[in-house]
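Since the structure comes first, as structure tokens, the remarks are kept for the end.
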């Protein structure tokens, strides 16, 4: 599965997503893009899911028309130690997620 991490997430979070191809917004050269442009590019490049801590995302964007899943990470902060415990539930939920679905994952 190809996963894209939002620019506000730590790059080292990719280590908590083994057996998946993980890239960051910065690595793709998309830093600073609006969420709409970012989702469009991620879909066009074949990403299966976009992970973001942006809790307002669900009110700003409608991913239902895109061929990817958006995962909102609801954690105490964007620090690695707060996000890592969410990765197992994220991977479990992505196994059955459908394109265009918006998932919110919290502990």
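Only the coordinates and a few stated rules stand behind these numbers; no lab work does. Everything quoted here is computed from the prediction, not taken from an experiment. Using ideal geometry, Cβ is built from the backbone for each residue, glycine included, and neighbour counts are taken over all protein chains shown.
See the values below:
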quantity: Theoretical gain in end-to-end length, residue 59 to residue 27 [0.36 nm per residue, Cα-Cα removed]; calculated: 8.9 nm
quantity: Estimated inter-spin distance, residue 19 and residue 81, nm [label 7 Å along Cα→Cβ]; calculated: 2.9 nm
quantity: Contact order normalised by residue count of the chain, Cα under 8 Å, 6+ apart, percent; calculated: 28 percent
quantity: Rg/Rh (Cα only; Kirkwood hydrodynamic radius) as it applies to the stretch 2-106; calculated: 0.91
quantity: Between the stretch 32-51 and the stretch 7-24, the alpha-carbon center distance in angstrom; calculated: 15 Å
quantity: Cβ-based exposure ranking for 1, 87, in which fewest neighbours within 10 Å come first; calculated: 1, 87
quantity: Extension gain, residue 96 back to residue 74 (0.36 nm per residue minus Cα-Cα distance, nm); calculated: 6.0 nm
quantity: Where labels lie 7 Å past Cα in the beta-carbon direction, separation of residue 88 and residue 107 in nm; calculated: 1.0 nm
quantity: Neighbour-count ranking [beta-carbon atoms within 10 angstrom, fewest first] of 7, 58, 98; calculated: 98, 58, 7
quantity: Residue-averaged [θ]222 nm for the chain, counting only DSSP H segments that reach four residues, each worth -39500 (n - 2.57); calculated: -7000 deg cm²/dmol
